[in-house]
Amino acid sequence: SVQTRVYLEATALLSLCYIRKQNYTEAKKYVTETIIRANNINSDFKRRQFHQRYLKRIEEEALLSSLIADEIEKLDPTIVQRKAIELIQSKSEVELLQLLTKSLPSNSIPLLEMFREHSVILIPMLDRKYLPEPKKAYSEIEIGHKANSALKRVAWRSICDPNSEVYKAWSQCISVAYNEKYITAAIISVLGSWKITGLMLAATVIAIVIKFGVDVFCEKYAPDSIMIHRSDKS
């Protein structure tokens, strides 16, 4: 049935798939359907919770989509690691986020804004006040947070997926898992598989992983589900 939770989740995921495929016309169609159906959630708390989480994911996917290049640029792991270490030594977390924003392609922010504006207008007026103010949503730091979150979602799988070599080594307390060169190679590989090959983008993600440590990264940044479990009050 189109009224079920399963249908809502499937429609939401379909919209994200089209964003990743850079088919934005189809993506907006399913974003529209998802939000209109979510507006029928009876619980004010759950409805607003869904809108906040879904909008956040749409923005992240839009940024991620903008990073996917037509052609793959091969990155030199030695150069990327050297840059990442330089960033760790010279930049605070806030400065890394600002740098990440400045490293985005020129179409990234307009694409994010397009999807945000398309989505927000569909949300009931009373629910919109629970969303971040546009000024805050488009700030350099906040966009850095969104891009960082999107890239972590990709990098997380290369490091923390139980089938990944890094995760296997880490879970068995093998020292190679904490080796900076090993982490650099793993992240470059997974970003390359997504055709995301910008030097500064890769170096910044690697800097954050090394700065926090693999164990903290895996525990803290596991990707969230769009749908919210009935027991989730966050």
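The values are calculated or read from the model by the stated rules, or taken from the named source; none is laboratory data. None of these values were measured; they are calculated from a predicted model. Neighbour counts run over all protein chains shown; Cβ positions are idealised from the backbone, glycine included. All accessible areas refer to the heavy atoms of the entire protein, side chains included, with ligands and DNA or RNA removed. Shrake-Rupley method; radii C 1.70, N 1.55, O 1.52, S 1.80 Å.
Table for the structure above
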read-out	value
Positions within region 191-234 being open to solvent by 30 Å² or more (accessible area, probe 1.4 Å), at pLDDT below 85, more than 21 Å from Arg20 (Cα to Cα) and of a type outside the set (D, E, K, R), in sequence order	Ile210, Phe212, Val216, His229, Ser231, Ser234
Criterion violated by Pro105 - all others in (1) modelled with pLDDT of 95 or more; (2) under 16 Å from Ile196 (Cβ atoms) satisfied	(1)
Residue count for region 76-98, restricted to those that are at pLDDT 90 or above and touching a Gly at 6+ places or on another chain (Cβ under 9 Å)	1
The lone exception for Leu75 - which of (1) surrounded by 15 or more Cβ atoms within 10 Å (Cβ to Cβ); (2) in a helix (DSSP H, G or I); (3) over 21 Å from the mean Cα position of the chain (by Cα) it fails	(2)
Selection status of Gln49, within 24 Å of Phe212 (Cβ to Cβ), assigned to a helix (DSSP H, G or I) and of a type outside the set (A, V, I, L, M)	no
Residues of region 1-28 that turn out to be in contact (Cβ under 8 Å) with a residue 12 or more places away in the chain and either part of a helix (DSSP H, G or I) or open to solvent by less than 30 Å² (accessible area, probe 1.4 Å) (or both), as a count	16
Members of region 89-118 found to be closer than 21 Å to Phe212 by Cα, assigned to a helix (DSSP H, G or I) and within 21 Å of the chain's Cα centre (by Cα), listed by number	Glu93, Val94, Glu95, Leu96, Leu97, Gln98, Leu99, Leu100, Thr101
